[in-house]
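The values are calculated or read from the model by the stated rules, or taken from the named source; none is laboratory data. Fair warning: this is a prediction, and the values are worked out from it, not measured in the lab. Virtual Cβ from ideal backbone geometry, glycine too; neighbours counted across all protein chains shown. These area figures cover heavy atoms from the full protein model, side chains too; ligands, DNA and RNA do not enter into them. Shrake-Rupley method; radii C 1.70, N 1.55, O 1.52, S 1.80 Å.
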Amino acid sequence: MDAILKTRRPGEPEPNLVDYERGAPGWWSGIDRAADGTLNIAEQAVGRHARGPRRDHVAIRWIAKSGAVRDITYRELDALSSRFANALVGLGLRRGDRVFALTGRIPALYLAALGTFKAGGIFSPLFSAFGPEPVRSRMSLGEGRFLVTTEALYAKKVAPIRDQLPALEHVLLAETLDALLAGSSPDFATAATTEGDGALLHFTSGTTGTPKGALHVHGAVAMHDYTGRIALDLHPDDIVWCTADPGWVTGTSYGIIAPLTNGVTMIVDEAEFDAERWYELIERHRVTVWYTAPTAIRMLMRAGREPIARHDLSSLRFLASVGEPLNPDAVVWSQEAYGRPFHDNWWQTETGAIMIANYASLPVRPGSMGRPIPGIGAAIVRREGERIVEVATGEEGELALKPGWPSMFREYWRDPERTAKCFRDGWYLTGDLVKRDADGYFWFVGRADDVIKSAGHLIGPFEVESALLRHPAVAEAGAIGKPDPIVGDVVKAFVALKPGFLPTEETTRSIIAHARKELGPAVAPRELAYLETMPRTRTGKIMRRLLRARELGLPEGDTSTLEGSS
Ligand code: ATP
Ligand code: MG
């Protein structure tokens with residue numbers, strides 16, 4: 001597919017990263033580092049803005065499910081989060097204590113995050129859709145001493161397991177928060193945290209197994225801030241909307257911290273996905289930068305062009321996607337439908353911030369996740385025992401990163417062995433297989449766990465799924481390897497059909513024929529089965545290990561993050 005070249009519309013700002021090849025300012029360029037070595041995410045996100053020229057700028061525009069809008073300026077957000085910090089300290093919070101949040105996207109969540117940073121606690125946001133068991137396992141691993149939640153969520157998800165959380169001492173309910181904050185001072189001396197002090201405990205999506213708790217430090221703010229500017233191209237007048245929930249790392253790094261450190265206005269929508277609502281939101285609030293995920297993009301594609309035509313989406317300047325491979329067709333479609341391509345970027349809970357990206361100033365290659373963030377050392381390697389060897393250009397291998405960037409996780413919580421396994425021979429190993437073209441663009445092949453080995457070929461499920469999605473009947477697709485005595489694995493595909501198509505033998509023949517034509521017989525699925533929907537994590541990732549386990553009659557393993565479960 002051809003690269004998409006972009007043209008700047010009249011009045012649009014120049015991209016922050018003017019020229020990728022010429023390089024960029026350093027990671028810390030947007031952070032005010034104190035001479036005494038203290039550093040606190042909340043101070044960088046709100047404190048300094050509340051004392052500066054952006055104090056009356058709207059920091060958060062919160063949109064309730066009902067549609068009601070509440071604007072919170074930087075000064076207000078600073079004062080409210082200070083009140084929250086005072087409340088925590090008043091209840092006895094000690095430095096490093098874990099403060100969990102189990103709420104929807106309501107203002108209390110954002111005050112809790114910033115208030116916890118200020119107070120020197122470690123913030124751990126959970127998806128409000130989690131059932132009691134995922135809440136229990138995460139809170140007991142993290143030994144949460146504080147929990148911010150709502151009455152209804154408490155009754156349903158926490159009360160049944162409260163006796164299994166001996167570390168939990170204080171439950172702060174959103175319903176009584178106003179009174180608590182009103183009784184606390186709006187002045188708070190931010191804890192004297194330093195770059196290496198813990199700030200966030202984030203659980204991974206659980207796509208490949210039991211979720212791990214990744215610990216991040218205050219120094220991570222440098223990377224949030226920097227990538228917000230360089231990869232998401234944030235400019236001072238932007239209205240940025242990151243659709244992710246803070247229960248997923250994306251919703252914290254780019255749905256709380258990066259927009260605030262950059263001093264822009266961010267949208268928080270309490271409601272879940274709805275194409276009509278989303279377009280209305282973009283139109284009404286003049287969203288300029290929009291960061292979302294492939295599942296949502298595919299749902300928007302399914303909703304079609306008609307709702308787009310009914311809305312004025314001309315405010316959109318920069319579109320980005322993360323979390324799963326973004327199919328090349330989705331990039332081309334967005335360029336046609338919105339006049340803007342989605343810019344895919346890659347990172348993980350462990351990396352804390354975007355590591356590889358498509359940039360405003362570079363042509364987008366549909367299907368590629370882009371090029372490394374300036375200063376990030378990214379290599380494609382092979383494990384040879386204890387040694388790590390770089391592969392030749394064009395060859396597939398594991399994506400490895402040179403340790404040392406500020407938002408690198410410090411440990412899997414209470415699991416030093418697992419932490420150590422990620423680092424070898426001077427590299428952090430990501431577990432993802434990729435390749436790189438001659439111009440330095442990275443292409444996702446698959447997770448090491450998901451890659452299919454068939455008759456001497458290494459097959460990335462993403463390639464198979466992308467081809468299947470190009471068939472007119474296919475809405476969703478997942479591909480796995482199924483053990484075969486002769487070739488090792490054969491490719492088996494699971495497909496959800498678009499409305500109006502039936503799972504007949506003729507449909508099957510047509511889809512397989514299409515796949516064989518696009519992929520060749522060695523890579524095309526040998527078997528096809530139909531599902532209503534794909535099993536996905538709450539962050540929208542296909543759980544191929546579950547497809548595999550169900551196919552082979554094996555135990556399903558940890559399904560705590562499976563969408564629809566509770
Ligand atoms: P777990 O580690 O618990 O199995 P997870 O890896 O899905 O879950 P996250 O940290 O939320 O948890 O996701 C990071 C992973 O998501 C990456 O390692 C990669 O496999 C995938 N990913 C993220 N962005 C992209 C992208 N742009 N293209 C392809 N894959 C991506
Ligand atoms: Mg992972």
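Suppose the filter is part of a loop (DSSP other than H, G, I, E, B), more than 20 Å from residue 360 (Cα to Cα), within 12 Å of ligand 1 (Cβ to nearest atom) and assigned by TED's automatic domain parsing to the domain that holds residue 324; does residue 247 pass it? The answer is yes for residue 247. Among the residues of region 301-318, those identified as modelled with pLDDT of 95 or more, surrounded by fewer than 23 Cβ atoms within 10 Å (Cβ to Cβ) and in contact with a Ser or Thr (Cβ under 9 Å, 6 or more places away or on another chain) are 315, 316, 317.
Screening the candidates 48, 54 for the property of being open to solvent by less than 70 Å² (accessible area, probe 1.4 Å) and part of a helix (DSSP H, G or I) yields one hit, 48.
The residue that is farthest from residue 92 (Cα to Cα), counting only those in region 155-186 that are of a type in the set (Lys, Arg) and within 29 Å of the chain's Cα centre (by Cα), is 156.
Kindly indicate the residue of region 265-297 that is in contact (Cβ under 8 Å) with a residue 60 or more places away in the chain and not in a helix (DSSP H, G or I) and also nearest to residue 207 (Cα to Cα) among those meeting that condition.
293
Against the definition (of a type in the set (A, V, I, L, M, F, W, C) and either touching a His at 6+ places or on another chain (Cβ under 9 Å) or open to solvent by 40 Å² or more (accessible area, probe 1.4 Å) (or both)), how does residue 519 come out, yes or no? Criteria not met by residue 519. Would you be able to say whether some residue in region 417-432 is of a type in the set (A, V, I, L, M), in the same structural domain as residue 258 (by TED's automatic domain parsing) and either assigned to a loop (DSSP other than H, G, I, E, B) or within 16 Å of ligand 2 (Cβ to nearest atom) (or both)? No, region 417-432 contains no residue that is of a type in the set (A, V, I, L, M), in the same structural domain as residue 258 (by TED's automatic domain parsing) and either assigned to a loop (DSSP other than H, G, I, E, B) or within 16 Å of ligand 2 (Cβ to nearest atom) (or both).
Across region 57-69, not a single residue is classified as among the small types (Gly, Ala, Ser), closer than 23 Å to residue 122 by Cα and part of a loop (DSSP other than H, G, I, E, B). Put simply, of 300, 326 the only residue that is aliphatic (A, V, I, L, M) and more than 12 Å from ligand 1 (Cβ to nearest atom) is 300. Count of region 324-344 residues, restricted to those that are modelled with pLDDT of 95 or more and either within 16 Å of ligand 2 (Cβ to nearest atom) or surrounded by fewer than 21 Cβ atoms within 10 Å (Cβ to Cβ) (or both), is 8. Check region 541-550 and report whether any residue there is free of Cβ contacts under 8 Å to residues at least 12 places away in the same chain and assigned to a loop (DSSP other than H, G, I, E, B). The answer is no, given that none of the residues of region 541-550 is free of Cβ contacts under 8 Å to residues at least 12 places away in the same chain and assigned to a loop (DSSP other than H, G, I, E, B). One residue stands out among those in region 412-435 that are within 15 Å of ligand 1 (Cβ to nearest atom) and open to solvent by 60 Å² or more (accessible area, probe 1.4 Å): the one that is nearest to residue 345 (Cα to Cα), which is 435. Residues that are in a helix (DSSP H, G or I) and not charged (D, E, K, R) were ranked within region 349-382; the one that is nearest to ligand 1 (Cβ to nearest atom) is 349. Of all residues in region 484-496, those satisfying the criterion of being surrounded by fewer than 19 Cβ atoms within 10 Å (Cβ to Cβ) and either under 22 Å from residue 514 (Cβ atoms) or modelled with pLDDT of 90 or more (or both) are 487, 489, 490, 496. Of the residues 179, 192, the single one that is more than 16 Å from ligand 1 (Cβ to nearest atom), in contact (Cβ under 8 Å) with a residue 60 or more places away in the chain and either open to solvent by 40 Å² or more (accessible area, probe 1.4 Å) or within 24 Å of residue 216 (Cβ to Cβ) (or both) is 192. A count restricted to region 208-244 and to residues that are within 12 Å of ligand 1 (Cβ to nearest atom), assigned to a loop (DSSP other than H, G, I, E, B) and open to solvent by less than 10 Å² (accessible area, probe 1.4 Å) stands at 1.
Residues of region 250-258 include at least one that is open to solvent by less than 10 Å² (accessible area, probe 1.4 Å), away from ligand 2 (no atom under 16 Å from the Cβ) and in contact with a Phe, Trp or Tyr (Cβ under 7 Å, 6 or more places away or on another chain).
Pairing residues of region 335-348 that are under 15 Å from residue 3 (Cα atoms) and more than 16 Å from ligand 1 (Cβ to nearest atom) with residues that are open to solvent by less than 10 Å² (accessible area, probe 1.4 Å) and small (Gly, Ala, Ser), at Cβ distances under 8 Å and at least 6 apart in sequence or on separate chains, gives 340/334.
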